[in-house]
Amino acid sequence: METKQTSYIPVLFTLCFPTALTAIYFVVLADRSAAMQQTVYSVGKIIQFGFPACWVLLIRKEAFARPVIDKRGLVEGIGFGVLTAGAMIGLYGLILKPSGFFEGPGLAVREKILGVGMDQAWKFVILAVFYSLVHSLLEEYYWRWFVFRELRKLAGLPVSLVVSSVGFTAHHVILLAVFFGWDSMATWLFSLGVCAGGAVWAFIYERSKSIYSPWLSHLLVDAAIFAIGYDLVR
């Protein structure tokens with residue numbers, strides 16, 4: 001029978017691994033070939049998203065529960081996603097873009113996109129669809145279904161919300177710092193927004209017990225990010 005002590009092992013690993021992976025493929029290998037970056041990224045993502053399933057199925061020998069669909073949770077998720085995505089696009093289109101805020105970061109984003117082989121519009125669109133539909137679902141399975149749920153078994157709701165959201169935010173800090181700089185207020189303000197979003201998604205998951213509820217919200221936010229990204233690099 002699993003003890004409370006051994007259950008810290010998967011939590012610590014899953015909290016730290018995405019940040020380590022991001023630092024490697026996004027920073028350490030930034031000057032390497034697109035093929036090498038994509039290979040490291042792909043292998044890392046297989047490990048990241050495969051670990052929770054392997055831990056549950058092979059170590060604990062538990063079966064996956066049937067998916068739950070909670071109507072109230074779906075409404076909450078969609079509502080938060082629409083509000084957040086709308087606020088992001090509005091802030092970008094009405095304030096940040098006209099002010100020239102993204103002139104420098106926009107060039108950095110374009111350079112990074114081209115550096116990993118996204119040199120045609122259709123490639124970018126496929127990437128955007130994949131991240132918005134598939135990767136966001138995998139992240140909800142990883143961060144809410146596994147990390148938050150495991151933390152919830154070990155600590156109260158406030159601690160679980162904070163720790164899982166900070167873990168979710170950590171690798172985003174690296175991504176933002178590459179484009180905006182470590183000393184930029186934008187990096188930390190946007191990271192704070194990511195952390196708040198992660199906490200809301202965890203709370204929605206806590207109420208609905210379904211990853212579909214935060215996933216729909218996550219999907220909409222990611223779609224907004226890629227819409228902004230497309231406008232920056234086109």
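The sum of -39500 (n - 2.57) across all DSSP H runs of n ≥ 4, divided by the residue count of the chain, sets its helix-only mean residue ellipticity at 222 nm to -23000 deg cm²/dmol. Hull volume per residue, based on the alpha-carbon atoms of the stretch 1-67 and their convex hull, is 101 Å³. A simple spin-label model places pseudo-atoms 7 Å from Cα toward Cβ; at Ala63 and Ser184 they are separated by 5.0 nm.
Projecting label points 7 angstrom from Cα along Cα→Cβ for Met36 and Arg110 puts them 2.6 nm apart.
Report, in debye and to the nearest 20, how large the dipole of the stretch 95-234 comes out about its Cα centre when Lys and Arg carry +1 and Asp and Glu carry -1 on their Cβ.
On the way: 11 positive and 10 negative charges, 75 e Å.
In debye, rounded to 20, the stretch 95-234 gives about 360.
Relative contact order, whole percent, for the stretch 67-233 stands at 50, derived from Cα pairs under 8 Å and 6 or more residues apart. Any idea how far the Cα center of the stretch 36-52 sits from the one of the stretch 173-200, in Å? Here the answer is 23 Å between Cα centres. Compared with the direct C-alpha span, the chain from Phe130 to Arg72 gains 18.3 nm at full extension, assuming 0.36 nm per residue. If you plug the beta carbon distance of Ala121 and Cys54 into 1/(1 + (r/R0)^6) with R0 = 35 Å, you get a FRET efficiency near 0.40.
Computed over the stretch 67-233, the P(r) curve from all C-alpha pair distances, binned at 10 Å from the origin, holds 10, 36, 36, 15, 2 percent per bin. The convex hull drawn around the Cα atoms of the stretch 58-117, when projected onto a plane and averaged over every direction, covers 8.4 nm². To the nearest ten degrees, helix 103-115 and the longest principal axis of the Cα atoms of the chain are 70 degrees apart.
None of the figures in this text is laboratory data; all of them are computed from the coordinates on show. Values in this document were obtained by computation on a predicted structure and should not be read as measured data. Neighbour counts run over all protein chains shown; Cβ positions are idealised from the backbone, glycine included.
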